[in-house]
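Trainee: Here it is, the structure, as structure tokens.
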Amino acid sequence: MDLGTGLFTCQRRPDDDRSHEAIYDELLELGGAIDDAGLASAWASEHHFTDDGYLSGTMPALGALAAATDDVTIGTCIALAPLYDAVRLAEDAATVDLLSNGRLAVGCSIGYRDAEFENFGVPKEERVARTEETVDLLRGAWSEGPVGVDAEFHDIDPGTTVTPKPAGGPPIFLGGAARPAVRRAARVGDGWCAPSSLSLAGVRKRVEDIRRVRDEEGLDGEFQVYVLAHGFVGDSREDAWESMRDGYFYLQRRYAEWYEGEAIDELPEERRSELRDDAVFGTPDDVVAELERYGEALGDDVHVILRTYYPGIGTDAMVDCVERLGADVAPRL
């Protein structure tokens, strides 16, 4: 099992008086700590037009992380594929991959927020087709010779050669929980990322479906399963929970607002209880025991992305958590 962390969102909570510059400094400090801790990966997330400054420029952020780290895989979890000019994304991602000596992974999804589609001028009903075309164009752009894709949504001559070209090209994985999204990942991706909202049983069911689809369609090659979970490491379960709770609830409240399309002052008590039950937190022994369940259910090659970045909980607390993951959790998995 590989263990990574993130997801860098760079949100500034209303009770956080730091500048955005300071929050981006925090991203780089944590990226260096993840690399020093020997964890497998560090990830940036993406949203747009939010009042708390949610990270929008994933490739610039990952370019900075490439310079601040030496060994860790860096990637998007998740890039909102329909909102991009796919050729520019291919160029930017290739640049980051070269800067990091081949350490980039590109996770994509179809997106869901109306405001993002409206303000980028992208019809929401085209999001699936645009995502699939983006994957085709990324692969074509990174391959030797011309792009070779007769694109519907991007005005590029199939005979055009896109540069720079990364060696081999970064792996591309897709996110999503619905059956069509999972099967799309099985058919066109190099991997699939399970959202944190899925139970372990739900993840296992979808992984079985992915394997069945790939077997039936004769799809060969490596296919990586990523699993997102929220968590934290502390001196005790209560200590870990106290450290992550406020940032975790803030993050989940914002996601709930975007899904539901209306402001939410506070998450209901029942939802907060569910979120606590879903999280992987506690001492290193507690976290190892929980994460071992993923390996038992999904196999040793699963890549768990344990989200330990929470807005406003303090850089030192997150660095300490990362160091414990590297010293006391990852080696035991």
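Where a number appears in this text, it was derived from the coordinates with a stated rule and is not lab data. On a predicted model such as this, the values are computed, not experimentally measured, just so you know. Backbone-built Cβ (ideal geometry, glycine too); neighbour counts: all protein chains shown.
Trainee: Going by the alpha-carbon gyration tensor, a ≥ b ≥ c the square roots of its eigenvalues, is region 117-235 rounded (a/c under 1.5) or, if a/c is not under 1.5, prolate (a/b greater than b/c) versus oblate?
Mentor: prolate
Trainee: Per the helix-only calculation at 222 nm, which mean residue ellipticity applies to the chain, given -39500 (n - 2.57) for every DSSP H run of n ≥ 4 and division by its residues, nearest 500 deg cm²/dmol? Mind showing how you got there, number by number?
Mentor: Numbers: 11 runs with 151 residues, N = 333.
Mean residue ellipticity, 222 nm, calculated: -14500 deg cm²/dmol.
Trainee: Classify region 46-148 as rounded, prolate or oblate from the Cα gyration tensor: take a ≥ b ≥ c as the square roots of its eigenvalues, call it rounded if a/c is under 1.5, otherwise prolate when a/b beats b/c and oblate if not.
Mentor: Details: a/c = 2.50, a/b = 1.21, b/c = 2.06.
Oblate, because a/c is 1.5 or more while a/b does not exceed b/c.
Trainee: Can I ask one more? Rounded if a/c is under 1.5, else prolate if a/b beats b/c, else oblate: with a ≥ b ≥ c from the C-alpha gyration tensor eigenvalues square-rooted, which is region 202-333?
Mentor: Values: a/c = 2.33, a/b = 1.33, b/c = 1.76.
Oblate.
Trainee: Distance between the C-alpha centers of region 163-187 and region 121-155? Whole Å please.
Mentor: 12 Å
Trainee: For the Cα atoms of the chain, what angle does the longest principal axis make with the long axis of helix 269-278, in degrees from 0 to 90, nearest 10?
Mentor: 70 degrees
Trainee: HN-Hα J couplings of region 101-115 from phi, Karplus 6.51/-1.76/1.60, θ = phi - 60°, integer Hz, Gly and Pro as x?
Mentor: 6, x, 9, 8, 10, 10, x, 10, 8, 7, x, 8, 7, 4, 4
Trainee: Quote the relative contact order of region 30-78 in percent (integer), defining contacts as alpha-carbon pairs under 8 Å separated by 6+ residues. Please list the in-between numbers first.
Mentor: Details: 66 pairs, mean separation 23.9, N = 49.
Worked out over region 30-78, it gives 49 percent.
Trainee: Could you derive backbone 3J(HN,Hα) for region 116-125 from the dihedral phi with the Karplus parameters 6.51, -1.76 and 1.60 (θ = phi - 60°), listing whole Hz in sequence and x where the residue is Gly or Pro?
Mentor: Running phi through 6.51 cos²θ - 1.76 cosθ + 1.60 with θ = phi - 60° gives 5, 5, 5, 6, 8, x, 10, x, 4, 5 Hz.
Trainee: So for region 90-163, averaging the separation of alpha carbon pairs under 8 Å that are six or more residues apart and normalising by length, what relative contact order in percent results? Numbers along the way, then the final one.
Mentor: Details: 60 pairs, mean separation 18.7, N = 74.
Across region 90-163, relative contact order equals 25 percent.
Trainee: In the chain, if every C-alpha pair distance is counted and binned at 10 Å from zero, what percent goes to each bin?
Mentor: 6, 26, 36, 25, 7, 1
Trainee: Most exposed first by the Cβ proxy, i.e. fewest other Cβ within 10 Å, how do ILE172, ILE156, ILE264 rank? Please report the intermediate quantities before stating the final value.
Mentor: On the way: ILE172 23, ILE156 19, ILE264 15.
Starting with the residue having the fewest Cβ neighbours, the order is ILE264, ILE156, ILE172.
Trainee: While we're on this one: Relative contact order of the chain: what whole-number percent is it, with Cα pairs under 8 angstrom and at least 6 residues apart? It would help to have the intermediate numbers written out before the result.
Mentor: Working: 604 pairs, mean separation 66.5, N = 333.
It rounds to 20 percent for the chain.
Trainee: Which longest uninterrupted range of the chain lacks any GluC sites (Glu not before Pro) assigned by DSSP to a loop state (not H, G, I, E or B) and surrounded by at most 15 other Cβ atoms within 10 Å? Write out the running numbers ahead of the final one.
Mentor: Details: sites that count: GLU144, GLU152, GLU217, GLU222, GLU262, GLU266.
Maximal segment without exposed cleavage sites: 1-143.
Trainee: Starting from 0 in steps of 10 Å, tell me what percent of the Cα-Cα pairs of region 268-333 lands in each bin.
Mentor: 18, 46, 31, 5
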